[in-house]
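Worksheet for the structure shown next.
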Amino acid sequence: MKRFGDLPDVIAVFPLPGALLLPRSRLPLHIFEPRYLAMIDDCLRTPHRLIGMIQPRDLPGGRGGETGEEKRLQAIGCAGRLTGFSETEDGRYMISLTGVSRFRIGDEALGFTPYRRFHIDWAPFGRDMGPAETDAGFRREPFLDLLRRYFEAMQLSTDWGSLTAAEDELLINSLSMLCPFSPEDKQALLEAPSLETRRETLVTLIEFALHAGPGEETMQ
């Protein structure tokens with residue numbers, strides 16, 4: 001088990017709406033903006049190879065479309081270790097991040113990088129660096145029945161064999177990351193304090209989506 005002392009006090013962050021990374025889960029990303037290509041280059045030179053995934057937060061008055069340093073960020077994100085990397089012929093990067101721990105964002109670090117770096121507080125998320133979580137209250141068959149109805153209603157496809165065989169944490173976290181929920185809903189799943197709470201939140205979002213139908217927005 002790693003300790004917080006093994007993690008850096010400052011990391012680069014990658015603000016990406018709707019992208020969710022959770023501890024011990026994998027997130028593939030396609031990198032093409034020059035500033036984030038530079039971020040990956042710099043990350044590969046560090047011993048920890050960590051990047052903080054975090055969601056932008058809309059500014060008051062609906063100005064969420066503002067870009068760059070004008071955009072505020074959510075308070076909580078999740079750091080991932082760069083565990084997969086390939087480069088396309090035209091210079092884009094295809095990477096994979098493996099979730100290490102959530103974090104609370106602190107002050108922005110000074111410097112001259114084209115991407116943003118922040119001081120990070122790991123302490124509130126000590127559970128993230130331990131073994132995989134279990135969910136004692138998880139009733140798998142009713143959950144999978146609900147999930148089948150959701151996938152049919154949303155016209156989504158999946159490998160049901162792999163899904164039904166997955167351990168509790170992998171199943172719940174993978175669905176939290178992959179299902180087409182709003183950025184606000186993804187943030188709620190990220191901030192869930194336990195696997196049980198995340199599963200309960202996930203069920204609520206699925207039930208709401210089924211009630212609203214495929215043409216409606218989920219959870220405003």
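Does region 13-30 contain at least one residue that is in a helix (DSSP H, G or I) and either modelled with pLDDT under 95 or over 23 Å from Asp107 (Cα atoms) (or both)? I'd like the intermediate steps shown before the answer.
From region 13-30, those in a helix (DSSP H, G or I) are none; that's our starting set.
So far as region 13-30 goes, no, none of its residues is in a helix (DSSP H, G or I) and either modelled with pLDDT under 95 or over 23 Å from Asp107 (Cα atoms) (or both).
Identify the residue in region 25-51 that is within 20 Å of the chain's Cα centre (by Cα) and closer than 16 Å to Asp9 by Cα and, among all such residues, is surrounded by the most Cβ atoms within 10 Å (Cβ to Cβ).
Initial filter on region 25-51 (within 20 Å of the chain's Cα centre (by Cα)): 25-33, 36-37, 39-40, 43, 48-51.
Those still in the list that are closer than 16 Å to Asp9 by Cα too: 43, 48-51.
On the way: Cys43: 22, His48: 14, Arg49: 17, Leu50: 20, Ile51: 28.
Only one residue fits best here, namely Ile51.
Against the definition (free of Cβ contacts under 8 Å to residues at least 12 places away in the same chain, under 14 Å from Val203 (Cα atoms) and not assigned by TED's automatic domain parsing to the domain that holds Arg24), how does Ala192 come out, yes or no? For Ala192, the condition - free of Cβ contacts under 8 Å to residues at least 12 places away in the same chain, under 14 Å from Val203 (Cα atoms) and not assigned by TED's automatic domain parsing to the domain that holds Arg24 - is met.
With a cut-off of at least 3 residues that are more than 27 Å from Leu16 (Cα to Cα), name the helices (runs of 4 or more DSSP H) lying wholly within region 138-220.
Numbers: elements: 140-154, 160-165, 168-178, 183-191, 195-212.
Counting at least 3 such residues, we get 140-154, 160-165.
A Cβ distance below 6 Å, combined with a sequence gap of six or more or placement on separate chains, defines the contacts here; from region 135-156, residues that are in contact (Cβ under 8 Å) with a residue 40 or more places away in the chain and of a type in the set (Gly, Ala, Ser) reach residues that are part of a helix (DSSP H, G or I) and surrounded by 14 or more Cβ atoms within 10 Å (Cβ to Cβ) in the pairs Gly137/Glu196; Ala153/Leu210.
Taking the criterion of being touching a strand residue (DSSP E or B) at 6+ places or on another chain (Cβ under 7 Å) and surrounded by fewer than 17 Cβ atoms within 10 Å (Cβ to Cβ), no residue of region 175-190 qualifies.
Among Ala75, Ala132, Ala165, which is the only one that is closer than 23 Å to Leu195 by Cβ and assigned by TED's automatic domain parsing to the domain that holds Asp42? Before you say what the answer is, go through the steps one by one.
Values: Ala132 fails: assigned by TED's automatic domain parsing to the domain that holds Asp42; Ala165 fails: assigned by TED's automatic domain parsing to the domain that holds Asp42.
Step by step, each of Ala75, Ala132, Ala165 is checked, and only Ala75 is closer than 23 Å to Leu195 by Cβ and assigned by TED's automatic domain parsing to the domain that holds Asp42.
Checking each residue in region 76-120 for being loosely packed, with under 15 Cβ neighbours inside 10 Å, of a type in the set (A, V, I, L, M, F, W, C) and either touching a residue at least 60 places away in the same chain (Cβ under 8 Å) or closer than 17 Å to Arg49 by Cα (or both) picks out Phe85, Met94. I'd like the residue in region 98-133 that is of a type in the set (Gly, Ala, Ser) and in contact with a helix residue (DSSP H, G or I) (Cβ under 6 Å, 6 or more places away or on another chain) and, out of all such residues, is farthest from Glu191 (Cα to Cα). Among those residues, the one meeting the criterion is Ala132.
The values are calculated or read from the model by the stated rules, or taken from the named source; none is laboratory data. Everything numeric here is computed off the predicted structure, so don't read it as measured data. Cβ: placed from backbone, ideal geometry, glycine included. Neighbour counts: every protein chain shown.
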